[in-house]
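S.K.: I have a structure I would like to understand better, so I am pasting it below and will then ask my questions one at a time.
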Amino acid sequence: MRLPSRAVMLLAAAALPLALTACSAGSTGAGTDSGTGTSAEPAKAKDPNSGLFTGTELKKALAPASAFPSGLTLESDGSADSGGQFLFPAARKPGKPDCTRLETTSWIQVSGYKGGVSFAQNGYASKTEEVDQEIDAFQGSTAAAVMKALRTVAAECATYTDTDAHAKVKLTGSDTAGLGDEAYTMTLTSGYWENGTTLIAARSGGSVVTVLSTAGTDNGAATARKVTTTVLSALKK
């Protein structure tokens, strides 16, 4: 879970306006023309978060319980969002991906990006199956960069060893048509597992939807696509 680190970022974002207010109150005469007594109007910078959904809005776009297989229940400790504030954008962490992150919630982090400037996530599970969903909103062209980074993961993590059973895992990936502006699907399988895992990442504008599913007998594929499709439809409303 990435909640603790994201919570710290939320606190930092909340403190910024207070710091800016203090600086503004402590300055005198800045930008004032002493000859005319008028202040020059600086050019207003474009808001990099303009048009992006807040965490509160993204939470409403998450797929409802009806989109998940019967028998799965909401995991209360797996639900989180960034609320009504935007977080500071984090630069991509260079280096080889940690392939074991593909088996966890917030698996988008395997791309090297911690997440967007806003996010919402939750998961449903039973004793044997799990389905997780997350939406991250990114500034500028970062969402497309995240998708590009995830595509490279399939090659770099073609085989790896998982952390629980120390089993050899095989990963295959391919572009997926019909989901958002672009989508990529990865399938994880192992001879030690009863069922594999399907991961889908789909971009809609500046938002990236990531879904993990182990539900069903098809490596979680059908459920992953259903949940992804439901979220993408909600983002378009």
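S.K.: Can you work out the accessible area per residue across the range 85-225, with the rest of the protein chains kept in place, probe 1.4 Å, in square angstrom? Walk me through the intermediate numbers first.
M.R.: Working: 6010 Å² over 141 residues.
With all protein chains present, the range 85-225 gives 43 Å² per residue.
S.K.: On the Cα set of the range 85-171, report Rg and Dmax in Å, please.
M.R.: Spelled out, the Cα radius of gyration and Dmax of the range 85-171 are 14.1, 41 Å.
S.K.: Tell me the carbon and sulfur percent of the accessible area for the range 128-197, rounded to whole percent, probe radius 1.4 Å. Could you put the intermediate results ahead of the total?
M.R.: Numbers: 1590 of 3320 Å².
It is 48 percent, rounded to a whole number.
S.K.: List the chymotrypsin sites (Phe, Trp or Tyr not before Pro) within the range 175-222 that fall in a DSSP loop (any state other than H, G, I, E or B) and whose Cβ has at most 16 other Cβ atoms within 10 Å.
M.R.: Numbers: sites: TYR184, TYR192, TRP193; in loops: TYR192, TRP193.
Those that pass, being in a loop and sparsely packed, are TYR192, TRP193.
S.K.: In whole Å, how far is the Cα centre of the range 151-169 from that of the range 45-85?
M.R.: A separation of 28 Å, based on Cα centres.
S.K.: Just report the Cα centroid separation between the range 91-116 and the range 187-237, whole Å.
M.R.: 17
The values are calculated or read from the model by the stated rules, or taken from the named source; none is laboratory data. Please read all numbers here as calculations on a predicted model, not as lab measurements. No Cβ is skipped: glycine too gets one built from the backbone with ideal geometry, and neighbour counts run over all protein chains shown. The accessibility values were calculated without ligands, DNA or RNA, using every heavy atom of the protein model including side chains. Shrake-Rupley method; radii C 1.70, N 1.55, O 1.52, S 1.80 Å.
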